[in-house]
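J.: Below you'll find the structure I mean.
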Amino acid sequence: MRFFSPMFNGLVRSFSMRRGKNPGNSDDRREAAETMAKDAKKNDMILRSSGFVNVDGSNNLASVFSRRGRKGVNQDCAIVWEEFGCQEDMLFCGIFDGHGPWGHFVAKKVRESMPSSLLCNWQETLARMSLDPDMDLESDEKHQRFHIWKHSYIKTCAAVDHELEQHRKIDSFYSGTTALTIVRQGDIIYVANIGDSRAVLATNSDYGTLVPIQLTVDFKPNLPQEAERIIQCKGRIFCLDDEPGVPRVWLPNEESPGLAMSRAFGDYCIKDYGLISVPDVTQRHITNKDQFIVLATDGVWDVVSNEEAIQIVSSTPDKAKAAKCLVEFAARAWKKKRKGIATDDISAICLFFHSSPFSHHEVSLVPALK
């Protein structure tokens, strides 16, 4: 238990100091996590709008930018939380793409709830495993860490989706959101994906060239494993006549809701017909060859290839403006490649792993394009 003890005890102390309570109680843990979020925001550790985050002593630099499309209110939103859970070697970031009449409210609610809930479930899982006499925590350190995060993510997403369904002020019956999040803990990143946003890693090949590695699956309804589940649940999958390349999920006997993804929070009208909010959780060890990760909504990936994205980001002189450069490139690509189709909301986070050009703690906000 030597590996887990410092990490677990440190988190317990963080929770205890903030509440003056025994962190073993789940309600206390949730309250403590929410207090951590407020403190982090107050200390400029959390960014929820376009801008960048670079904390003194951190290897991370995160650039964030979001641009409203031509379909109404911007339903995309994002978050970056440095020193996640008061752990100096941890960072949380996520990007959310809402849809439906209440999509912008759903996306923001999930963004608000998910980090704190994940912290609580992570601590609870750590505590349970550290007290299990049959658990050999040192036998396979990497596997155990992944198991803890995967279990925490699955439990968190179930809880957030249930909480959303019970929310009295947000109507999620015909509205929902995707959620793509990562946790960086030291040299490991844990990626959890629900929906069709995408994470792409830029890494140096053996030949010295920068190449993209797609870390997530775009969960579209026509993927074999997704289609099988939807059809077994009596849902239907087909494309509209004017969108021949866009498969959508439909109710058994209604031309509704026509979702273009197979996993999402909310959308309770079709949750019994194959749509799920279960995350696909993966991990990756970050090496010196790995330069940055791009997390972006489908407003980027519908018109920009993985190769183009990493080229744009890597060629931006000022890392803090990398997300803005990528989003603006995608906006121009929409006008060229999707003539006659309303531009989608476009959002991106560019997370750089190594040295940054800044020498002090800095959070900066820039206005998103309207």
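J.: Which of Q87, Q123, Q225 ends up with the largest GNM mean-square fluctuation for the chain, with Cα atoms connected below 10 Å?
T.: The residue that fluctuates most here is Q225.
J.: Which listed residue (V217, P279, H104) has the Cα farthest towards the positive end of the charge dipole for the chain, taking +1 on Lys and Arg C-beta and -1 on Asp and Glu C-beta about the Cα centre?
T.: Working it through, the farthest residue towards the positive pole turns out to be H104.
J.: Oh, and also: Would you mind telling me which residue in K169, K289, K41 has the biggest mean-square fluctuation in a Gaussian network model of the chain, where springs connect alpha carbons within a distance under 10 angstrom?
T.: Of K169, K289, K41, the Gaussian network model singles out K169 as fluctuating most.
J.: Exceeding 30 Å between C-alpha atoms, which entries from my cross-link table qualify? They are K71/K271; K41/K335; K41/K169; K155/K220.
T.: K41/K335
J.: So, one more: Please identify the DSSP H helices in the chain that span no less than 27 Å along the helix axis (Cα) and have a mean Kyte-Doolittle hydropathy of -1.0 or more.
T.: Helices meeting the criterion: 103-130.
J.: Suppose only helical runs count, i.e. DSSP H with n ≥ 4. What mean residue ellipticity at 222 nm does that imply for the chain under -39500 (n - 2.57) per run, divided by all residues and rounded to the nearest 500 deg cm²/dmol?
T.: Value at 222 nm, helices only, nearest 500: -11000 deg cm²/dmol.
J.: Filter the chymotrypsin sites (Phe, Trp or Tyr not before Pro) in the range 219-272 to those in DSSP coil with at most 13 other Cβ atoms within 10 Å of their Cβ, and list the result. Before the final figure, lay out each step's value.
T.: On the way: sites: F219, F238, W250, F265, Y268; in loops: F219.
Counting only loop positions with at most 13 other Cβ atoms within 10 Å, none of the chymotrypsin sites (Phe, Trp or Tyr not before Pro) in the range 219-272 qualifies.
J.: I need the semi-axes of the equivalent ellipsoid of the chain: take the C-alpha gyration tensor, multiply each eigenvalue by 5, square-root it, list largest first in whole angstrom. The partial results should precede the final answer.
T.: Values: eigenvalues 199, 136, 77 Å².
Output for the chain: semi-axes of 32, 26, 20 Å.
J.: I'd like the carbon and sulfur percentage of the solvent accessible area for the range 28-105, probe radius 1.4 Å, heavy atoms only, ligands and nucleic acids excluded.
T.: 43
J.: What are the residues whose amide H is under 5 Å from the amide H of Q291, where those residues sit 5 or more places off or on another chain and H is modelled from the backbone?
T.: Correct list: A202, T203, N204.
J.: K42: which lysines have alpha carbons under 23 Å from its alpha carbon, excluding same-chain residues fewer than 8 sequence positions away?
T.: Cα-Cα hits under 23 Å: K21, K108, K109.
J.: Excluding same-chain residues fewer than 8 positions from K150, which aspartates and glutamates have a Cα within less than 15 Å of its Cα?
T.: Cα-Cα hits under 15 Å: E124, E141, D280.
J.: Quick check for you: with a 1.4 Å probe and neighbouring chains kept, what is the accessible area per residue of the chain, in Å²?
T.: Heavy-atom accessible area per residue stands at 45 Å².
The values are calculated or read from the model by the stated rules, or taken from the named source; none is laboratory data. Only a predicted model underlies this, so the values are computations on that prediction, with no experimental measurement involved. So basically every Cβ, Gly included, is an ideal-geometry build from the backbone, and we count neighbours across all protein chains shown. Note: accessible area is taken over every heavy atom of the protein model, side chains too, but ligands, DNA and RNA are not part of it. Shrake-Rupley method; radii C 1.70, N 1.55, O 1.52, S 1.80 Å.
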